[in-house]
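Report on the following structure.
The values are calculated or read from the model by the stated rules, or taken from the named source; none is laboratory data. What you see is a predicted model; the values in this text were computed from it and never measured. Ideal geometry is used to build each Cβ from the backbone, glycine not excepted, and the neighbour counts take in all protein chains shown. Only protein heavy atoms, including side chains, enter the accessible area calculation; ligands, DNA and RNA are left aside. Shrake-Rupley method; radii C 1.70, N 1.55, O 1.52, S 1.80 Å.
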Amino acid sequence: MLRYLTAGESHGEALIAYISGLPAGLAVDQAFVDHELWRRQQGYGRGGRMKIERDTAHFLSGVHHGKTIGSPIAIQLENKDWKNWQESLPVDAGDPAKHKSVASPRPGHADLAGALKYNFSEARYVLERASARESAARVAIGALAKLFLRELGIEVLSHVITTGSVSVQGDVSWDKIRSLHNQEKDREEILLNCADADAEQRMKEEVDKVLKNGDSLGGVFEVVAHSVPPGLGTYAQWDERLDALLAAAVMSLQAVKAVEIGSGVAAAFSPGSAVHDEIGYNAASGFTAFSRTHNNAGGIEGGVSNGEEIRVRGYLKPISTLRRPLQSVDFSTRESVKAAYERSDVCVVPAAGVAAEAMVALTLARCALEKFGGDSMLETLRNFHGYCQQLKDY
Ligand SMILES: Cc1cc2nc3c(=O)[nH]c(=O)nc-3n(C[C@H](O)[C@H](O)[C@H](O)COP(=O)(O)O)c2cc1C
């Protein structure tokens, strides 16, 4: 079984990502993993931290001579800022005078709920772990899941649909998303990762507005998994349904407040005749000759992948830290004050999309390994190709 966890604080020494259950013999491309980490650090509206950190994955175990060996993999991501925090966030007792407390909880963050839960007198330790810096560790192991899925011909990418009040109209095809991703390689930065250049400029203007007035923005990203065979996930048990697993995986990301599979939201307001994807039998390519008129289901019916592209949207609330802070209460005096401010991004929709790609890739890799799993890539691929042949013969 594929299992994964992360550890680390935002201003601690390092993040650690752990993944166990990948078959032996998977080639690990360090440049690819680091490029994924770079993608998570991109986007117009990011804070100063992205400029001081360039994440790189340091493999501590489980990968040797460029390949997985079937043992648990631990990856370390150094926090470059640690040198400035060693005295204020020491492992030993340290000097309390150097402690940087978060004196008033910030609305929209875990600060108040976390301080109450863990019985902290202020919110420093809460912020340190609840921060989305943690998502970098997920991207590192998500990159390994992507490398595994690629061996099965499955690719996972994302694009931005909405930033603030600007949205892309209509469906965005896989070819457009792919070419948006290909252009990345020639760029020094990613703006809003939007497939429509005009909309992207208008999104940038939205970010400029909030940058000027000390506010923040949310938005919507879409993750697309291309060339997923029918049969991942199952309706047989509630906790094995692929839609439920993907929803939990994407919802687990910081600031994601709603998840949609395919056209799930619009479907709730439409008649069945306009929603369900009619079935034909004329496809020249694909896993079978069965075809669909459209893909409103987002590639999943009854908790099972149906062979169409898997499309998952994540809805992000606006960033909680505001340069013009909202009202809060001082932890020690209980007096009404403005919420604490820590250096912050104002818009993270493209980066959240990259982190969600990682969560979708990890979920699909887990389901694929449950279905085709072997201890080596040779065994896994043999099982996978055998199943593909079974689909062709159906
Ligand atoms: C990639 C990414 C970067 C983020 N950066 C920030 C940030 O700089 N400042 C901030 O206040 N929130 C940021 N957030 C959102 C918070 O981490 C999140 O809203 C907060 O931890 C509360 O969790 P919740 O929104 O899931 O309830 C970011 C989220 C993501 C996905």
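Kirkwood-type hydrodynamic radius, the range 219-356: 17.6 Å, calculated from all non-identical alpha-carbon pairs. Cα centroid separation, the range 254-300 to the range 172-202: 24 Å. Between the Cα long axis of helix 197-213 and the first principal axis of the chain there is an angle of about 20°, rounded to the nearest 10. Note on A14 and E87: the model spin-label points, each 7 Å out from Cα along the C-beta direction, lie 2.5 nm apart. Would any residue of the range 218-234 have its amide N under 14 Å from a label point 7 Å out along Cα→Cβ of D171? List them or say none. Only 224-227 fall inside the zone, counting backbone N under 14 Å. Note on S61/A197: beta-carbon distance plugged into 1/(1 + (r/R0)^6) with R0 of 56 Å gives a FRET efficiency of 0.80.
Expressed as a whole percent, the proportion of Cα-Cα pairs in the range 1-102 lying more than 25 Å apart is 33%. Shown in residue order for the range 97-114 are the 3J(HN,Hα) couplings computed by the Karplus curve 6.51 cos²θ - 1.76 cosθ + 1.60 at θ = phi - 60°: 5, 8, 5, 9, 7, 9, 6, 9, x, 8, x, x, 9, 7, 3, 6, 4, x Hz (x for Gly and Pro). The long axis of helix 377-393 is offset from the longest Cα principal axis of the chain by roughly 50 degrees. For the set K392, K212, K117, K80, solvent exposure ranked by accessible area (probe 1.4 Å, protein chains only) runs largest to smallest as K212, K117, K392, K80. Report the calculated FRET efficiency for A268 and E370 (r = Cβ-Cβ distance, R0 = 30 Å), to the nearest 0.05. For A268 and E370, the calculated efficiency is 0.50.
The candidates M359, M1, arranged from most to least accessible area with a 1.4 Å probe in the full protein assembly, appear as M1, M359. Along the Cα-to-C-beta direction of Q390, a point sits 7 Å from the Cα; which residues of the range 215-252 have their amide N less than 15 Å from that point? Zone members listed by number: 229-234. Subtracting the Cα-Cα distance of I69 and R382 from 0.36 nm times their residue separation leaves 110.9 nm of extension gain.
Largest first, the residues F148, F269 sort by 1.4 Å accessible area into F269, F148.
The heavy atoms of L217 present about 20 square angstrom of accessible area, all protein chains included, probe 1.4 Å. With distances taken between every two different alpha-carbon atoms, the chain has a Kirkwood hydrodynamic radius of 22.3 Å. Can you give me the angle between helix 349-372 and the longest principal axis of the chain, using Cα atoms only, in degrees from 0 to 90, rounded to the nearest 10? The angle comes out at about 50 degrees.
Computed per residue of the chain from DSSP H runs no shorter than four, each worth -39500 (n - 2.57), the mean residue ellipticity at 222 nm is -10500 deg cm²/dmol. Rounded to whole numbers, the Karplus 3J(HN,Hα) couplings from phi for the range 32-41 are 5, 4, 5, 5, 4, 5, 4, 4, 5, 8 Hz, using 6.51 cos²θ - 1.76 cosθ + 1.60 with θ = phi - 60°, and x at Gly and Pro.
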